[in-house]
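Down below is the structure, laid out as structure tokens.
Bear in mind that the values in this text are calculations on the coordinates, not laboratory data. Everything quoted here is computed from the prediction, not taken from an experiment. Backbone-built Cβ (ideal geometry, glycine too); neighbour counts: all protein chains shown.
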Amino acid sequence: MTAKPKVWVSRPLFPDVLARLSEHFDVEAEAVEHRHTPDELKRKLAGVDAAVVGLADRVDAAVLEGNHRLKVVANLGVGFNNLDVDALTRAGILASNTPEVLTESVADFAWALMLAAGRRVNAAERWLRAGHWPGSHMRFDDWLGGDIHGRTLGILGMGRIGQGIARRAFGFDMRVLYHNRSRLPETVERECHATLVSKDELLRQADFLVLVLPFTPENRHVIGAPELARMKRSAVLVNVARGGIVDDAALAVALREGHLAAAGLDVFEGEPSVHPDLMSLENVVLSPHIASASEETRRAMADLAIDNVIAAMGFGESAGKPPTPLNPAVMNRWAASKA
Ligand code: DGY
């Protein structure tokens with residue numbers, strides 16, 4: 001009997017998902033969360049045929065150097081700025097991500113941050129839990145936030161998640177503006193009740209500005225001090241995209257000095273560290289990159305990641321047809337080299 005190919009899973013995953021992987025592979029799965037150094041990553045990837053990695057694992061040319069065994073890298077996430085896809089392609093390694101399955105959950109969470117930041121839910125809860133309510137003589141005009149319904153929602157990056165956020169705005173009777181590299185088809189604009197505007201217009205008009213664009217070198221600090229200065233002082237900024245899209249230091253200054261009412265942030269520059277000035281502000285809601293973390297969605301992401309590994313390595317019903325490859329041309333090269 002020939003030995004099963006080997007897969008390394010860099011993060012703890014659902015046991016039943018790992019069991020499914022074990023039907024075809026010899027699986028080495030990390031049992032505890034750990035941030036792998038580039039050297040550790042290089043060593044782990046050198047000894048396996050496929051890997052399931054997380055957003056903290058940066059798979060680049062240096063990590064892949066001299067690796068002649070690895071065939072597949074499946075990312076547990078839709079964003080794949082942790083993967084150097086060109087380097088993977090050059091090395092003949094198939095890369096995949098997990099699009100679609102998390103769209104609606106991330107859209108839900110963007111709304112959770114909008115509502116919490118706009119209506120000061122977390123700050124009020126901290127105050128209540130600290131025991132300040134009894135005897136506080138809370139005034140009729142204490143804890144005022146801004147309304148969400150009837151306001152203008154601005155979306156920067158109108159992919160699937162942006163569209164999901166826009167669709168939800170209908171129930172809140174909001175006007176929806178968006179800015180994107182390209183205009184959406186009219187049918188989609190109509191379905192989302194969304195109007196394309198320039199980035200400048202978006203910044204000036206939005207009461208709630210939600211960022212949902214991918215992280216690329218061009219998108220670094222797309223929202224910095226000059227952009228924040230153009231926004232309404234009553235506006236709320238929400239980032240569910242990637243750290244680094246916002247200049248966190250500039251955001252902290254804007255929030256502290258009242259140039260912006262509030263922010264809801266799920267992602268941070270240099271996470272898991274969070275800029276200390278953001279940590280100390282009351283008008284920002286912070287969460288640890290959990291926008292996709294619903295039970296159903298995290299399971300669906302794990303399932304999709306391993307479906308890619310199983311199919312790309314030639315197993316299962318979809319053998320040879322991984323569902324969401326990032327560089328499918330690599331598989332043609334595999335086929336050509338076998339012929
Ligand atoms: C993604 O999939 O890119 C999300 O950020 C994960 O939560």
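Worth a mention:
- Matching helices (runs of 4 or more DSSP H) fully within segment 185-287 where at least 2 residues are of a type in the set (Gly, Ala, Ser): 225-230, 248-256
- Of all residues in segment 96-133, those satisfying the criterion of being touching a Leu at 6+ places or on another chain (Cβ under 7 Å) and of a type outside the set (A, V, I, L, M, F, W, C) are Ser96, Asn97, Thr98.
- Annotation: Gly54 fulfils all but one of (1) touching a Lys or Arg at 6+ places or on another chain (Cβ under 7 Å); (2) surrounded by 16 or more Cβ atoms within 10 Å (Cβ to Cβ); (3) farther than 30 Å from Ile165 by Cβ; the unmet one is (3).
- Residue in segment 47-67 that is without any contact (Cβ under 8 Å) to a residue 40 or more places away in the chain, basic (Lys, Arg) and more than 15 Å from the ligand (Cβ to nearest atom) present: no
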